Amino acid sequence: MGRKIIEIASEIVQTQVSLAPMSSGEITSSLRQVFGTLLELQKAESGEIDMLQVQEGSAAQEKAPGALSPENSIQNDKVVCLECGAEMKQLTQKHLISHGISSKEYKKKYGFALRTPLAAKSLTKARSKAAKKRGLPENLLKAIEARRQNKVESAEQAEEKKQPAVKRRRRPSGEQ
């Protein structure tokens, strides 16, 4: 190789950063991973190591995201996708579809409760706080009570329609 491996690795990571925003930790991690991979490939090219070792190493890296337990994948400031190891604030439907899985299937596969949000804990707390500030709990209780009242009223109306009307016998106008 004419250029230094670190230069090539930095160019690759620089291209990744230009395509998608990355945090400094993600950039560092990506740079180390790319550098390590290029170093392994250089050693394999020169005959220092066997390509099978390189392939086994990359297979171990691919399995690494699965090594993270589902309980630990939802962290305070990020969520780690258990399919690919990507770190983000929230696992979106679009991201999960890229793996050919829905959020419901993802939750079942990894043992999450279906009501568990696939978002960082800080994001969930911020949303909860904003909802409470807007008065959501009180409004929700009002809506539930209104729905309950509507059900009772519609049940009463349905019951009235079912009962046959009592026919009164009309008396002739002359009778009392």
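Any read-out appearing in this document is the output of simple, stated calculations on the displayed coordinates, not a laboratory observation. Remember, predicted model here, so these are calculated numbers, not experimental data. When we count neighbours, we look across all protein chains shown, and the Cβ atoms used for this are built from the backbone with ideal geometry, even at glycine.
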task = Would you kindly identify the helices (runs of 4 or more DSSP H) lying entirely within segment 102-166 that contain at least 2 residues that are more than 25 Å from Asn76 (Cβ to Cβ)?
result = 136-162
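For segment 98-128, which positions are basic (Lys, Arg) and either without any contact (Cβ under 8 Å) to a residue 24 or more places away in the chain or out of contact with any strand residue (DSSP E or B) (no Cβ under 7 Å at 6 or more places or on another chain) (or both)? Explain how you work it out, then say what you get.
Within segment 98-128, the first condition is being basic (Lys, Arg), and the residues that meet it are 104, 107-109, 115, 121, 125, 127.
Of everything in segment 98-128, those that are basic (Lys, Arg) and either without any contact (Cβ under 8 Å) to a residue 24 or more places away in the chain or out of contact with any strand residue (DSSP E or B) (no Cβ under 7 Å at 6 or more places or on another chain) (or both) turn out to be Lys104, Lys107, Lys108, Lys109, Arg115, Lys125, Arg127.
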